[in-house]
Amino acid sequence: MNSFTQLTGTVASVLDDDMNTDQIIPSAYLKDVHANLGEGLFAYLRRKPTGEKITSFVLEKDEYKHTKILLVGNNFGCGSSREHAVWALQEFGIQCLIGKSFAELFRENCLKNGVLALTLDEERYSVVSTFVSKTDGVKLTIDLEKCEIKNQDLRLCDFLIHQNERHMLLNGLDDIGLTLGHVDLILKWEKHMIATHSFLQSPITTGY
């Protein structure tokens with residue numbers, strides 16, 4: 001998994017509250033292992049049933065076709081726990097989400113796949129959303145090392161993130177990678193258990 005340290009990119013806004021995972025990536029795209037999840041992202045919001053593009057939707061506008069940062073509404077990613085929702089965001093090119101709240105399982109899937117899902121309080125969110133709304137195609141820099149959001153040299157706000165989550169993202173670690181970082185302690189514990197519990201050294205017999 002790639003590390004996340006600093007990201008600069010265009011910000012698009014999809015501000016509907018309670019945006020569920022079926023809206024993020026419709027279930028039709030889960031049935032085909034060769035499906036283009038980037039094309040499937042918000043498919044029913046981006047295209048009509050005929051396949052015609054809905055040019056008014058933000059990600060179909062030219063200035064947002066290479067968006068890396070998505071400003072979202074409350075409870076983003078609710079519904080099912082499908083990990084494809086995060087994969088679809090990644091395939092489109094989105095690496096960071098900024099919102100007021102995220103569904104718990106969705107946010108965990110983001111963390112496990114190296115996508116930064118930032119939860120801002122009302123004041124910080126208002127500062128960012130107001131700035132983004134002033135100019136189409138505005139770019140922000142998300143600095144995970146300094147825990148701040150800025151536009152070039154203009155610092156908009158700081159943000160809070162759990163230290164363990166920050167460590168995982170900065171170092172490109174998923175749960176397995178995080179566990180392997182403690183392999184010496186794991187081996188030490190296994191040796192201790194074998195030394196103090198003799199039955200662990202003998203094959204188990206069922207008596208049959």
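Structural remarks
- Anisotropy class assigned to region 128-174 is prolate, per the alpha carbon gyration tensor with a/c at or over the 1.5 cut-off and a/b larger than b/c.
- Ranking Phe199, Gln95, Ile186 by Cα position along the charge dipole of the chain, where only Lys, Arg, Asp and Glu carry charges on their C-beta atoms, puts Gln95 farthest toward the positive end.
- Net charge of neighbours whose Cβ lies under 12 Å from the Cβ of Glu108, counting Lys and Arg as +1 and Asp and Glu as -1: -3
- Note on region 41-116: the alpha carbon radius of gyration divided by the globular reference 2.2 N^0.38 Å gives 1.12.
- Residues Leu180, Leu120 in ascending order of nearby Cβ atoms (within 10 Å, fewest first): Leu180, Leu120.
- Full-stretch length increase - Asp121, Thr55 - with 0.36 nm per residue and alpha-carbon distance subtracted: 20.6 nm
- Residues Arg82, Arg166, sorted so that the one with the fewest Cβ neighbours within 10 Å comes first: Arg166, Arg82
- Cβ-placed point charges (K, R +1; D, E -1), dipole of the chain about Cα centre in debye, nearest 20: 260 debye
- Remark on Ile25: its backbone amide H falls under 5 Å from those of Phe42, a criterion applied only to residues 5 or more positions apart or on other chains, H modelled at 1.01 Å from N.
- Long pairs among Lys112/Lys188; Lys68/Lys150; Lys68/Lys146; Lys100/Lys134; Lys31/Lys61, criterion Cα-Cα beyond 25 Å: Lys112/Lys188; Lys31/Lys61
- With Cα atoms defining each centre, region 112-182 and region 29-102 are spaced 19 Å apart in the structure.
- For Lys53, the aspartates and glutamates whose Cα falls under 13 Å of its own Cα, not counting residues fewer than eight places away in the same chain, are Glu39, Asp62.
- Each of Ile94, Ile24, Ile186 has some number of other Cβ atoms within 10 Å of its Cβ, and from fewest to most they run Ile186, Ile94, Ile24.
- In region 59-208, Cα pairs under 8 Å separated by at least six residues give a relative contact order of 17 percent.
- Given the alternatives [x] 10.0; [y] 11.6; [z] 16.9, mean projected area of the Cα convex hull in nm² as computed for this entry is given by [z].
A short reminder: the numbers here are calculations on the coordinates, not readings from a lab. Just so we're clear, the structure is a prediction, and the values are computed from it rather than from any experiment. Cβ coordinates were reconstructed from backbone atoms using ideal geometry, including for glycine residues, and neighbour counts include every protein chain displayed.
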